[in-house]
Every structure is written in C-alpha cells, then in structure tokens.
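Input: a single structure, listed below in structure tokens.
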Amino acid sequence: MNALLNYAPFPVLPAYNALQQSVIDQARSWILGDSLVLDCETCGLGEAAEIIEISIMTMGGVLLFNSLIKPSLPIPEETTAVHGITDDMVANAPTWPEVHDKVWELIKGRRVLAYSAAFDFGRLDVMARLYGLDCPAVRSRTAGRIELSDGTSWEYVMQAYAQLWQEPTASAQSADGWRWKALTEACRTQGIPVGRAHRALEDCLMTQALVNAMAGEPATRANSF
C-alpha cells in the first residue's frame, strides 16, 4: 500500500499558490480513492486510430488488465517507430470485441486517471463505434474531467500537472495558459525514472509515479531553479 495512505491529515504546504495546492489536494484524493490508471497505445494519432495495446492498474499498484490488441488494419511503420509494436507482435492478440466488455467492466463507475484523458477515452469510443459496440455517453466535459452516463469519471493528469508546474504559454494546447508537458518530461521534472515510454504498462506506471509525486511535495517551475 502506498505510504501516502498513512498520512492523516495531509500537511498544508505554504510554498504553493492556491491553484497548485488545489492540484496537490486533487492528487491526494486520487490516491486515497484508489483510482484507476489507464493508458492505451494506438496505430496512429488520427481520429480513426485503433487501440493496439491497453493497460489498466490501480493507484495502489494492482495490475488489472494488460494486453496487446489486434487491429483491423496493419500498423504503419512510422507508428511502430514510436512504440515498437509490430504486426507480428499483435498477430495472435485478441481483437477489440474480445476485450471490450472486460475493459468496461473494470472501469465502470470508477475514477480513471489518464495522462491524456481526452485521447484515451476517445480511443475507447472510436473502438466501440468501429465494431458496433456499446459505449457510455458523455454526460459532461470540463477542462479537467469527462463524466460518463455510467458514472465513470475520466481525469486529465496532464492538465493537472500543467497547473502545478505553471509554465506560461501562448499555445492553444494549454491548460488555463499553462504549458502541457509530455509524460516523460513531467516525470523528469519530478525526478521519476523514465522507462520504456509509449508502451501502455510503462506509461501507466509513470503516470502512477507522477501522481504520487504530485501528492507529496512536488517540484514546480518556481521552486526548481
């Protein structure tokens, strides 16, 4: 069990501004609620990109699901160059219809942490529509959360981290004016070892470690120079 679970109550850390403290408190609630962590790898970044690997674990470190997925089309070479997943590797893997119900049974009604939640939820929705399967409807969508009709809540870890680190940017792809960081970059700023990025389980583990760091006494742009 994570050592953070033994902290009662959590200390107030005056070095952080109000927004940063709210992110720290949010990360602590994610841990205490034993939220799920989910990541998927795809055969591209386009709207129709299919899932070819998915992992789900708890914030407490229990691995619930980890599998390659056989897509309906070959994996492009440029995508393999990113995550290393080849057609040979998925040749005997289950197809999405074979795992769809299991995945949704695991996450139904839970709080799901994903570094890029909009992308990961979007991929599950795409796969459901591709194969004519049921997928809960979006009940509400805010800057940091997607609420579904079945009670599942998807939380954007990347957005929360941007609000913690607070690096200004004029980019449209930002969280309230704060720059989004890649998962590997965010981990490095918190002193977290970076493993084999762009594989689902490794990205889940890095996300879990990052949330743990965010819930402790995290480095910020203001106090790390």
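How many nm separate the modelled label positions at Glu167 and Leu63, each set 7 Å beyond the Cα in the direction of the Cβ?
3.1 nm
Set the Förster radius R0 to 45 Å, insert the Cβ-Cβ distance between Ala137 and Glu217 as r into 1/(1 + (r/R0)^6), and round the FRET efficiency to 0.05. Spell out each step's value before the answer.
Numbers: r = 39 Å, r/R0 = 0.88.
The calculated FRET efficiency here is 0.70.
Can you give me the angle between helix 18-32 and the longest principal axis of the chain, using Cα atoms only, in degrees from 0 to 90, rounded to the nearest 10?
50 degrees
Report the one residue of Leu148, Ser29, Asn66 whose Cα lies farthest in the direction of the positive end of the charge dipole of segment 15-215 (charges on C-beta: Lys and Arg +1, Asp and Glu -1; origin at the Cα centre).
With unit charges placed on the Cβ atoms, the residue in question is Ser29.
Given the options Ala118, Ala18, Ala200, which has the most mean-square fluctuation in a GNM of the chain, springs set between C-alpha atoms less than 10 angstrom apart?
Ala18
Just to confirm the number: angle between the C-alpha axis of helix 200-215 and the first principal axis of the chain, 0 to 90 degrees, nearest 10?
The answer is roughly 20 degrees.
Which one of Ser35, Ser116, Ser140 has the biggest mean-square fluctuation once the chain is modelled by GNM with Cα springs under 10 Å?
Sorting by GNM fluctuation, first place goes to Ser140.
Only four residue types carry charge here, +1 at the Cβ of Lys and Arg and -1 at the Cβ of Asp and Glu. Report the dipole size of the chain about the Cα centre in Debye, rounded to the nearest 20.
Using only the charged Cβ atoms, the result is roughly 640 debye.
What do you get for the angle between helix 96-107 and the principal long axis of the chain? Use alpha-carbon atoms, 0 to 90 degrees, nearest ten.
For 96-107 against the chain, the angle is about 30 degrees.
Test of understanding: what is the full-extension gain from Arg129 to Thr95, defined as 0.36 nm times their sequence separation minus their Cα-Cα distance?
10.8 nm
List the residues, sorted by chain then number, that are 5 or more residues from Val37 or on another chain and whose placed amide H is less than 5 Å from its amide H.
Excluding prolines and chain starts, which carry no amide H, the hits are Met57, Thr58, Met59, Leu113.
Where a number appears in this text, it was derived from the coordinates with a stated rule and is not lab data. From a predicted model like this one, the values you see are computed outputs, not experimental measurements. Virtual Cβ from ideal backbone geometry, glycine too; neighbours counted across all protein chains shown.
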